Amino acid sequence: MSAGPEHARRVRVWDPALRMFHWSLAALVIANILLGKFGPNVMTLHFWLGYAIIALLVFRLVWGFIGPEPARFGSFLRGPSAIADYGTHLFRRQPSHSHGHNPIGAISALAMLIALGWQAVTGLMSDPEDFVNIGPLADNVGSATAKAAVGWHHAGANLVLILIGLHLAAILFYRVWKNEDLIRPMITGWKWVRGR
Amino acid sequence: MRLIALTATLATTLLPVLAHADAAEDALEARHGYMKMLALNMGTLSGMAKGEIAYDEAAASKAGSNIEALSGYAVADLFIEGTAMGEVDDSEALPAIWENPDQFAQKFAALSEAAAGAGEAVKGGQENVAPALQKLGGTCKDCHDDFRKK
Ligand code: HEM
């Protein structure tokens, strides 16, 4: 079957709410990592940005069930065979023309959401024993857990950084190797797709 | 005779080791106790700042003065060689303390500086507690960030 770009259509894959979500999340997460590592010792702003990130994550969870088709977990999370199948032609030098996330990209998106959820939960539980930056749930989880949560939050931040690195590397790979621009669709919503 | 000689040799070779182990243990316990004393007094202030403990000028001032007094203690001496994390049980002290002693001393000096006048600063009303607490707590965090295991 010849399935060249000439068979691709230009459609609106990412709805406006999802695009707003994406860029807000990117900005807030990067800001919060910088604030966490280099920000003031009194971390009020880090806490507030953290709460904003939690609100975004809740939106994304809801949108994953009631949002438009490409935003739904049910449509972009695929089984092992679809993932393996996509993997076999990942290195072909041609655009994926995926209608939204491709099966492997979906794993990365999900991993990012889970890692950020982890950051939110461990942050809320953290007691760094400085009597200033105490997570609002630290008192509820017991002091041993609250202390350990500081370490989990630290490790989680590094995991988030790794996932962001992978995400950017993948976008560069699609741009350079597969000649597919994934950034513009996340800005305009329009993307060249084939199939569904 | 041989037994006595052996015991004597053993004693002279082992004793310093035992004494050293004791010193490490003592220093570790002492600095944990030191940090705990800081924490107890900080806890009083943070309870009052949050309104969980009713503001009491005398109690607040005592907590502030205690921290001030504690910050005059030469705590760096409790971080003796061989007591880093991994070298003794229960230590959360990062090797960086011994690699950058000047920086460690600086963080401690920052605590002393923040604590200067704390006993007075928290007087005069509940609203004065939070600013003093944040000033102090920032220095705890600053040192823990670099020198205490996460
Ligand atoms: C959801 C996104 C979040 C990200 C990406 C994030 C990231 C970070 C980073 C990078 C640090 C520095 C940790 C280190 O280098 O050791 C940090 C520290 C901290 N964060 Fe977050 N954070 C998030 C959310 C939160 C939330 C919601 C809270 C609580 C309400 C919170 C509370 C804290 C506290 C208390 C610390 C200080 C821990 C310490 O003293 O080492 N964080 N965070």
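A few notes on this one:
- Hits in region A:144-169 (condition: in contact with a Gly (Cβ under 7 Å, 6 or more places away or on another chain) and more than 14 Å from chain B (Cβ to nearest Cβ)): none
- Of all the listed residues (B:ALA69, B:ALA49), the sole one being within 16 Å of B:GLY33 (Cα to Cα) and in a helix (DSSP H, G or I) is B:ALA69.
- A single entry from A:ALA71, A:ALA84 fulfils the requirement of being away from the ligand (no atom under 16 Å from the Cβ), of a type in the set (Gly, Ala, Ser), open to solvent by 30 Å² or more (accessible area, probe 1.4 Å) and away from every other protein chain (no Cβ under 14 Å): A:ALA84.
- Sole exception among (1) within 14 Å of chain A (Cβ to nearest Cβ); (2) of a type outside the set (A, V, I, L, M, F, W, C); (3) surrounded by 15 or more Cβ atoms within 10 Å (Cβ to Cβ) for B:THR83, by number: (1)
- Sole residue being within 14 Å of another protein chain (Cβ to nearest Cβ) and either within 16 Å of the ligand (Cβ to nearest atom) or open to solvent by 30 Å² or more (accessible area, probe 1.4 Å) (or both), chosen from A:PHE38, A:PHE59, A:PHE21: A:PHE38
- In region B:112-129, the residues that are crowded, with 18+ Cβ neighbours inside 10 Å and within 14 Å of chain A (Cβ to nearest Cβ): B:ALA114, B:ALA115, B:ALA118, B:VAL122, B:VAL129
- Among the residues of region B:129-150, not one is more than 15 Å from the ligand (Cβ to nearest atom) and acidic (Asp, Glu).
- Enumerated helices (runs of 4 or more DSSP H) restricted to region A:111-196, each holding at least 1 residues that are basic (Lys, Arg) and either within 25 Å of A:SER24 (Cβ to Cβ) or in contact with a helix residue (DSSP H, G or I) (Cβ under 9 Å, 6 or more places away or on another chain) (or both): A:143-176, A:183-188
The values are calculated or read from the model by the stated rules, or taken from the named source; none is laboratory data. The structure presented is a predicted model; accordingly, all values stated were derived computationally and were not measured. Don't worry about glycine lacking a Cβ; one is built from the backbone with ideal geometry, like all the others, and counts go over all protein chains shown. Note: areas computed on protein heavy atoms with side chains; ligands, DNA, RNA excluded. Shrake-Rupley method; radii C 1.70, N 1.55, O 1.52, S 1.80 Å.
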